[in-house]
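First up is the structure itself, then whatever we jot down about it.
The values are calculated or read from the model by the stated rules, or taken from the named source; none is laboratory data. This is a predicted model, so every value here is computed, not measured. Note that each Cβ is placed from the backbone with ideal geometry, even for glycine, and that neighbours are counted across all protein chains shown. To get the accessible areas, we keep the full protein, side chains included, count just its heavy atoms, and leave off ligands, DNA and RNA. Shrake-Rupley method; radii C 1.70, N 1.55, O 1.52, S 1.80 Å.
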Amino acid sequence: MTDNDAWRALSHHSASTVTKQKNCKVSGPHVSYFENEVRSSLKFQRTLVQTLPDGSVEAIPKELLYEFCTKLKPSKLGIMQVGWGGNNGSTVTAGIVANKEGISWETSKGMEKPNLFGSLSQHGTLRLGISSDGTDVFVPFKSLLPLVEPKDIVLGGWDISSLNLAEALDRAQILEPDLKRKLRPLLESMKPLPGIFDEEFIAENQLPRADNVIETKNKARQVEIIRQDIRKFKQLHNLDFVVVVWTANSERYSVELAGVNDTAESLLKAISSNHKEVSPSTLYAVASILEGCPYVNGSPQNTFVRGCIQLAEENQVFIVGDDFKSGQTKMKSVLVDYLVGSGMKVESMVTYNHLGNNDMFQLTDGEMWKPKSAAKSRVIEDIVSSNGTLYEKDEMPDHVVVVRYVSSYGDSKSDVSEYVTRTFMNCPYRTVMYNNCLDSALCAPLIIDLAIFIELFHRVSYRTSQMKDFAPMHPVLSALSFYMKIPRTPVGEPLVNALQRQRACIENLFRALVGLNGEDNLFLETKFPCKRIDEEYLQGYSV
């Protein structure tokens, strides 16, 4: 025991309590539980700002009453991954199967048990409130609303490589040998469906892997084959709901052209005419949308051209994008938020990445690197633009991203980041950070979370005082921006990359669905003491 431990032991005050209970029920005037659904109401407050003629600004608080209806029974969920046999797809599959079967494995340090660490839906908690003794109470996200159990998820998908999932897991070289040996009998029967292959959108170095491709080059026919695959997958496994996730390598950008991919109608016509600028990822997205299946773009290419977004809106199908945010980018959004939020000016950010998996091998092609470079470079824009006292209009830190392929690294990703910041009286503050991780071990829980949260939000409907009937959430599911480098947002919604704001969005949405206000961390009742606080809590508030 260290001296610090001894001092801490003298205090009997518990700063917080975390409960592992599976169920948490909210009692109050703004939530009602029924056999099949929970209904809640929330007075949403926002502040509109207008600029006055003299240049000053005026803030105008506005209130709007929302009602929510959330179905309580989760759907039988399937995930179809594009690139199922890649590192991400095989790691997701291994993790779900190992957890389902309770497979432990031996390492040089002893036996390891399966878990889903890194998953917000399974291991994330939110602050529920305060107990009578002044202790914070935290509960798991999944205790507030029923979520799909990962072990119940059915997996499938496509890949241009014919390796089965056991062979793909060996090729990925991520998990321990004893675990792979025990998983092999369970994964050998899992084989990806043939995938769409277009040499115009993929690096030449990927050609040797392409031995499991849809034979036709006709794009309309390719869409129909993917739609048939989805229907057969749902029917074979008796699924209620399927989420399609792009986990394959990055493509080059599609050229966005008027009359080709700018509207839903033009995009469908372009597919029918076999237009060269309709990418495989967009074909998968279109097929998924037409089948009513949400689509997640886990890579940085412009899958969601305007016509694809419009098609999702017309069909009321969720889309989420772009590019999984897992390692260095997530750290960057946290660190810059801290520095700028503290009133310090970040002048430069230089990051170096070294990685040896196939996704990185593909990025050695200059055209394939462009989307990834753009995704990594844009993650601080909203943070910097939020502080006009530090930065002039359109001013940004000098931001350099260097990525190199090193084959011997495999899926192990190393990065070094250096930040130069100006503090009081222009004194320098230099921060250097080193990270090392298995890239797919960070991405796998993101993929699982995205599917689980999308399924939940599919069960949610809302209405305001101006609406007669309940309606589904907006198809561009910006609530899950926490997981994406370049979040897609509906028209009129500002882009948010700051990680804690993104997480707070998910947390407060969960709270709203059970009739609780968003967390403000104000603790007003202690800063301005109220003698009847417990009674007031029990009474709730009126809308």
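Cβ-Cβ under 8 Å, sequence separation 6+ or interchain: first residue in the range 514-543 and among the β-branched types (Val, Ile, Thr), partner at pLDDT 80 or above and in a loop (DSSP other than H, G, I, E, B). Which pairs?
514/26; 514/145; 543/29; 543/30
Please go through the range 128-174 and give me each residue that is among the aromatic types (Phe, Trp, Tyr) and either modelled with pLDDT under 95 or over 28 Å from residue 227 (Cβ atoms) (or both), ordered by number.
138, 141
Name the residues in the range 379-434 that are within 18 Å of residue 329 (Cα to Cα), among the acidic types (Asp, Glu) and exposed (fewer than 13 other Cβ atoms within 10 Å of the Cβ), would you?
Scanning the range 379-434 gives a single hit, 398.
Taking the condition surrounded by fewer than 17 Cβ atoms within 10 Å (Cβ to Cβ) and under 26 Å from the mean Cα position of the chain (by Cα), does residue 176 pass?
Values: surrounded by fewer than 17 Cβ atoms within 10 Å (Cβ to Cβ): yes; under 26 Å from the mean Cα position of the chain (by Cα): no.
Judged against the criteria, residue 176 is not a match.
Any chance you could count how many residues in the range 284-301 are surrounded by fewer than 23 Cβ atoms within 10 Å (Cβ to Cβ) and outside any loop (DSSP other than H, G, I, E, B)?
1
Test residue 346 against the stated conditions and say whether it is surrounded by fewer than 24 Cβ atoms within 10 Å (Cβ to Cβ), assigned to a strand (DSSP E or B), in contact with a Ser or Thr (Cβ under 8 Å, 6 or more places away or on another chain) and in contact (Cβ under 8 Å) with a residue 24 or more places away in the chain.
Working: surrounded by fewer than 24 Cβ atoms within 10 Å (Cβ to Cβ): no; assigned to a strand (DSSP E or B): yes; in contact with a Ser or Thr (Cβ under 8 Å, 6 or more places away or on another chain): yes; in contact (Cβ under 8 Å) with a residue 24 or more places away in the chain: yes.
Answer is no for this residue.
Restricting to the range 179-206, what's the tally of residues that are at pLDDT below 95, outside any loop (DSSP other than H, G, I, E, B) and closer than 16 Å to residue 83 by Cβ?
Summing the residues that are at pLDDT below 95, outside any loop (DSSP other than H, G, I, E, B) and closer than 16 Å to residue 83 by Cβ in the range 179-206 gives 3.
Out of the residues in the range 207-231 that are loosely packed, with under 14 Cβ neighbours inside 10 Å and under 21 Å from residue 165 (Cβ atoms), which is modelled with the highest pLDDT?
211
On the given criteria, is residue 230 within 23 Å of the chain's Cα centre (by Cα) and part of a helix (DSSP H, G or I)? Quick ask: steps written out before the conclusion?
On the way: within 23 Å of the chain's Cα centre (by Cα): yes; part of a helix (DSSP H, G or I): yes.
Against the criterion (within 23 Å of the chain's Cα centre (by Cα) and part of a helix (DSSP H, G or I)), residue 230 qualifies.
Contact list please: Cβ distance under 7 Å, first residue in the range 422-434 and within 21 Å of residue 396 (Cβ to Cβ), second residue among the polar types (S, T, N, Q) and loosely packed, with under 14 Cβ neighbours inside 10 Å, pairs at least six apart or on different chains.
Cβ pairs passing all conditions: 429/423.
For the range 430-468, give me each residue that is of a type in the set (Asp, Glu) and at pLDDT below 95.
Answer for the range 430-468, where residues must be of a type in the set (Asp, Glu) and at pLDDT below 95: just 439.
Are there strands (runs of 3 or more DSSP E) fully within the range 36-112 with at least 2 residues that are open to solvent by 60 Å² or more (accessible area, probe 1.4 Å) and out of contact with any helix residue (DSSP H, G or I) (no Cβ under 9 Å at 6 or more places or on another chain)? List them. Show your work before the answer.
On the way: elements: 37-51, 57-71, 77-82, 105-107, 110-112.
Per the criteria, 37-51, 57-71.
Inside the range 234-243, can you point out the residues that are within 27 Å of residue 272 (Cβ to Cβ) and open to solvent by 20 Å² or more (accessible area, probe 1.4 Å)?
In the first step, residues of the range 234-243 are kept if they are within 27 Å of residue 272 (Cβ to Cβ); the result is 234-235, 242-243.
Hits for the range 234-243 are 234, 235.
Starting from the range 216-234, take each residue that is charged (D, E, K, R) and list its partners that are surrounded by fewer than 16 Cβ atoms within 10 Å (Cβ to Cβ), counting only C-beta distances under 9 angstrom and pairs at least six apart or across chains.
217/274; 219/272; 219/273; 219/274; 234/240
Being closer than 20 Å to residue 118 by Cα, surrounded by 14 or more Cβ atoms within 10 Å (Cβ to Cβ) and at pLDDT below 95 is the requirement here; does residue 497 meet it?
Numbers: closer than 20 Å to residue 118 by Cα: yes; surrounded by 14 or more Cβ atoms within 10 Å (Cβ to Cβ): yes; at pLDDT below 95: yes.
Judged against the criteria, residue 497 is a match.
Mind counting the residues in the range 254-271 that are in a helix (DSSP H, G or I) and surrounded by fewer than 14 Cβ atoms within 10 Å (Cβ to Cβ)?
The first filter runs over the range 254-271 and keeps only residues in a helix (DSSP H, G or I), leaving 264-271.
Right, trim to surrounded by fewer than 14 Cβ atoms within 10 Å (Cβ to Cβ) and you get 265.
Counting residues in the range 254-271 that are in a helix (DSSP H, G or I) and surrounded by fewer than 14 Cβ atoms within 10 Å (Cβ to Cβ) gives 1.
Would you check if there is a residue in the range 235-253 being under 12 Å from residue 306 (Cα atoms) and part of a loop (DSSP other than H, G, I, E, B)? Full working, then the answer.
Kept after step one, since they are under 12 Å from residue 306 (Cα atoms), are these residues of the range 235-253: none.
Looking for residues that are under 12 Å from residue 306 (Cα atoms) and part of a loop (DSSP other than H, G, I, E, B), one finds none in the range 235-253, hence no.
Is there a residue in the range 272-281 that is under 30 Å from residue 75 (Cβ atoms), among the aliphatic types (A, V, I, L, M), open to solvent by less than 10 Å² (accessible area, probe 1.4 Å) and at pLDDT 95 or above?
From the range 272-281, those under 30 Å from residue 75 (Cβ atoms) are 279-281; that's our starting set.
Within this subset, residues satisfying the condition of being among the aliphatic types (A, V, I, L, M) are none.
Within the range 272-281, not a single residue is under 30 Å from residue 75 (Cβ atoms), among the aliphatic types (A, V, I, L, M), open to solvent by less than 10 Å² (accessible area, probe 1.4 Å) and at pLDDT 95 or above.
Residues in the range 266-282: is at least one in contact with a helix residue (DSSP H, G or I) (Cβ under 6 Å, 6 or more places away or on another chain) and closer than 30 Å to residue 391 by Cβ?
no
Would you check if there is a residue in the range 366-376 being on the phi < 0 side of the Ramachandran plot, open to solvent by less than 50 Å² (accessible area, probe 1.4 Å), touching a helix residue (DSSP H, G or I) at 6+ places or on another chain (Cβ under 6 Å) and at pLDDT 85 or above?
Scanning the range 366-376 turns up no residue that is on the phi < 0 side of the Ramachandran plot, open to solvent by less than 50 Å² (accessible area, probe 1.4 Å), touching a helix residue (DSSP H, G or I) at 6+ places or on another chain (Cβ under 6 Å) and at pLDDT 85 or above.
Within the range 443-487, how many residues turn out to be open to solvent by 60 Å² or more (accessible area, probe 1.4 Å) and either within 20 Å of residue 83 (Cβ to Cβ) or in contact with a Pro (Cβ under 6 Å, 6 or more places away or on another chain) (or both)?
Total meeting the criteria: 1.
Name the residue that is surrounded by the most Cβ atoms within 10 Å (Cβ to Cβ), counting only residues in the range 132-163 that are of a type in the set (S, T, N, Q) and within 27 Å of the chain's Cα centre (by Cα). Full working, then the answer.
Start the filter on the range 132-163 by keeping residues that are of a type in the set (S, T, N, Q), which leaves 132, 135, 143, 161-162.
Then keep just the ones that are within 27 Å of the chain's Cα centre (by Cα); that gives 143, 161.
Numbers: 143: 20, 161: 22.
For the range 132-163, the residue satisfying everything is 161.
Here's a check for you: in the range 321-343, which residue that is in contact with an Asp or Glu (Cβ under 9 Å, 6 or more places away or on another chain) and in a helix (DSSP H, G or I) is most open to solvent (accessible area, probe 1.4 Å)? It would help to see each step written out before you state the result.
Residues of the range 321-343 in contact with an Asp or Glu (Cβ under 9 Å, 6 or more places away or on another chain): 326-329, 331.
Next, from what is left, pick out any that are in a helix (DSSP H, G or I): 328-329, 331.
Details: 328: 5, 329: 4, 331: 81 Å².
Per the stated criteria, the residue is 331.
Given the structure, is residue 86 out of contact with any Leu (no Cβ under 7 Å at 6 or more places or on another chain) and at positive phi?
Values: out of contact with any Leu (no Cβ under 7 Å at 6 or more places or on another chain): yes; at positive phi: no.
Considered against the rule, which asks whether it is out of contact with any Leu (no Cβ under 7 Å at 6 or more places or on another chain) and at positive phi, residue 86 comes out as no.
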